[in-house]
Amino acid sequence: MTDGVGAPPVEPFFLEADGGQRFCLYHPPVGRARGALLYLHPFAEEMNRARRMAALQARAFTRAGHAVLQIDLAGCGDSSGDFGQARWDTWRADVALGADWLRARVDAPLRLWGLRLGALLALDYARLQDAQPVAGMLLWQPVLKGSTCLTQFLRLRLAGAMLAEGQAQGGTHALRAALQAGETLEIGGYDIAPELAAALDALEPLEAMLPACPVDWFEAVSAPGADASPGAARAAAAWQARGADLRLHPVHAAPFWATSEITESVPWLDATSSVLEARLHEY
């Protein structure tokens, strides 16, 4: 897959938001728009590790006739504010901001495309949109629970303490207690506020966020033909049992959002593009 060949130039700009600006990259489609996608990035350092893949996928989408908007959520990337000021409600408002901008600019069905915690944010936003439902969702390795995402993040601090001091005091329970007492914690260069931590812990699990639109879920697996993880399979089955139009797509690919080096995964890109194209031909 070539990088940007045949795609129109990307348009960077800032969207005005309450209390500041949100940095955006707009990828215009080749030809008349067949669809519009709003990309919601993952949490903390996963955002930076996934930037390359998000850009490559966005350009692949544009060559297939889709408009794509990438938005840096409040306190992330080049948007206003520090990460320590980030709040879940503000991020959800940022999704609405980006969705409204795309709807006003592109006369085509709007889909949400979220990676990891961004996928959970997409689901949380979409279930509140009775007046303006989205046409579909592409979920890349969604986080199954906000509390699990927070626990994994807190473990980074414990790992840092082990390296620096040879021991970690109290585990994640102690760190959660500090957050609940109103303390802001610095983890891997990111300040996480008690309010954001509490919101992540309070989020319903993914399987409870039943989507009203078609969903394609992409899950990394370690071997060709392998099944998705038991947790992903259980959540997918719970949705399907309640009538969700969900397709789970295992992809034999490295977890690029978690690798120490910037990683490109052609199988992941090709699978996503092929699945979206197939969805379009169904309607």
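The values are calculated or read from the model by the stated rules, or taken from the named source; none is laboratory data. Everything numeric in this text was worked out from a predicted model, so none of it was measured. Every residue, glycine as well, gets a Cβ built from its backbone with ideal geometry; the counts of neighbours run over all protein chains shown.
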Odd one out for Ala244 among (1) in a strand (DSSP E or B); (2) out of contact with any helix residue (DSSP H, G or I) (no Cβ under 8 Å at 6 or more places or on another chain); (3) under 26 Å from Asp89 (Cβ atoms): (1)
Flag if Ala7 is in a loop (DSSP other than H, G, I, E, B), modelled with pLDDT under 95 and more than 17 Å from Trp268 (Cβ to Cβ): yes
Hey, Leu150 touching a strand residue (DSSP E or B) at 6+ places or on another chain (Cβ under 7 Å), assigned to a helix (DSSP H, G or I) and either closer than 21 Å to Leu25 by Cβ or in contact (Cβ under 8 Å) with a residue 40 or more places away in the chain (or both) or not: no
Candidate set from the range 236-283 (those that are of a type in the set (Lys, Arg) and surrounded by fewer than 16 Cβ atoms within 10 Å (Cβ to Cβ)); member that is nearest to the chain's Cα centre (by Cα): Arg247
Inter-residue pairs, beta-carbon under 8 Å, first more than 11 Å from Phe43 (Cα to Cα) and in the range 99-123, second basic (Lys, Arg) and surrounded by fewer than 22 Cβ atoms within 10 Å (Cβ to Cβ), 6+ apart: Ala108/Arg34; Leu110/Arg103
Selection within the range 95-124 - in a helix (DSSP H, G or I), of a type in the set (D, E, K, R) and in contact with a strand residue (DSSP E or B) (Cβ under 8 Å, 6 or more places away or on another chain): Arg103, Arg105
Exclusive hit being aliphatic (A, V, I, L, M), in the same structural domain as Thr259 (by TED's automatic domain parsing) and under 19 Å from Leu110 (Cβ atoms), set Ala58, Ala44, Ala50: Ala58
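Among the residues that make up the range 138-145, is at least one of them polar (S, T, N, Q), without any contact (Cβ under 8 Å) to a residue 60 or more places away in the chain, over 16 Å from Arg22 (Cβ atoms) and outside any helix (DSSP H, G or I)?
So far as the range 138-145 goes, no, none of its residues is polar (S, T, N, Q), without any contact (Cβ under 8 Å) to a residue 60 or more places away in the chain, over 16 Å from Arg22 (Cβ atoms) and outside any helix (DSSP H, G or I).
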Residues of the range 64-94 satisfying the condition of being β-branched (Val, Ile, Thr) and either outside the structural domain of Leu25 (by TED's automatic domain parsing) or farther than 14 Å from Gly19 by Cβ (or both): Val68, Ile71
Residues of the range 37-89 classified as outside any helix (DSSP H, G or I), in contact with a helix residue (DSSP H, G or I) (Cβ under 6 Å, 6 or more places away or on another chain) and of a type in the set (S, T, N, Q), total: 0
